[in-house]
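The values are calculated or read from the model by the stated rules, or taken from the named source; none is laboratory data. Note that this is a predicted model, so its numbers are computed, not measured. Cβ: placed from backbone, ideal geometry, glycine included. Neighbour counts: every protein chain shown. The protein model used for the area step is the full one, side chains on, heavy atoms only, and it has no ligands, DNA or RNA in it. Shrake-Rupley method; radii C 1.70, N 1.55, O 1.52, S 1.80 Å.
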Amino acid sequence: MHYIIDGYNVINCSDMFTASTLEGRRNKLIDFILQNRPHGSLRNRVTVVFDCNSKNPYESNGYNRSHFGEIEIIFSDGIISADDIIAEIADNAANPYEITVVTNDKGIRRRTAPSGAKHETVEKFLAKGSKPKNINRAQETLSGDIKEEINEEFERLWLKKRGMK
């Protein structure tokens with residue numbers, strides 16, 4: 001199963017991702033996914049897609065990809081929207097029936113439904129993150145040292161993206 005998460009839709013639907021900065025809210029979502037494993041099985045993949053207001057036409061076809069641990073993170077770069085990226089992933093999947101799009105956005109649901117992708121509400125996805133078996137899977141996967149290494153890697157990627165390093 002491949003979970004595609006509409007990042008800003010998720011963080012805007014729950015008070016658990018409140019922080020003083022947008023970056024802090026995104027980090028809380030990534031931490032939640034890593035620590036609570038709402039996507040379940042270790043074999044399930046996760047892609048979180050965020051909109052970005054950068055209008056640099058020279059960046060990778062309208063978006064860029066990076067990884068934070070096992071999570072793929074995609075930022076649209078202002079050329080195409082996060083909604084377009086999510087629809088593109090669903091439309092181009094070899095087996096779209098193995099895709100679950102996590103969003104409450106009805107427009108994205110309508111755009112991805114013809115591909116055969118499944119849909120899950122934000123509330124259901126977050127509720128699965130409180131299941132003990134999923135939390136145990138996450139703890140088995142990431143030791144404290146690995147978590148720290150991932151946090152440092154994410155910080156480097158973020159600073160590089162912002163031209164600060």
Subset tally (residues that are among the hydroxyl-bearing types (Ser, Thr, Tyr) and open to solvent by less than 30 Å² (accessible area, probe 1.4 Å)) for segment 1-40: 2
Number of positions in segment 76-115 that are in contact (Cβ under 8 Å) with a residue 24 or more places away in the chain and either outside any helix (DSSP H, G or I) or not charged (D, E, K, R) (or both): 23
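What are the residues in segment 7-28 that are under 21 Å from LYS128 (Cβ atoms), within 14 Å of the chain's Cα centre (by Cα) and not hydrophobic (A, V, I, L, M, F, W, C), if any?
Hits for segment 7-28 are GLY7, TYR8, ASN9, ASN12, ARG25, ARG26, ASN27, LYS28.
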Test: residue in segment 105-116 that is closer than 24 Å to PHE32 by Cβ and hydroxyl-bearing (Ser, Thr, Tyr): yes
Residues satisfying the stated conditions in segment 121-160, i.e. within 18 Å of the chain's Cα centre (by Cα), of a type in the set (Lys, Arg) and modelled with pLDDT under 70: LYS147
Test result for GLU72, open to solvent by 10 Å² or more (accessible area, probe 1.4 Å) and assigned to a helix (DSSP H, G or I): no
Of all residues in segment 80-120 being farther than 14 Å from CYS13 by Cβ and touching a Phe, Trp or Tyr at 6+ places or on another chain (Cβ under 7 Å), the one that is modelled with the lowest pLDDT: ILE80
Output for segment 29-79, where each listed residue is charged (D, E, K, R) and either within 14 Å of the chain's Cα centre (by Cα) or at pLDDT 90 or above (or both): ASP31, ARG37, ARG45, ASP51, ARG65, GLU70, GLU72
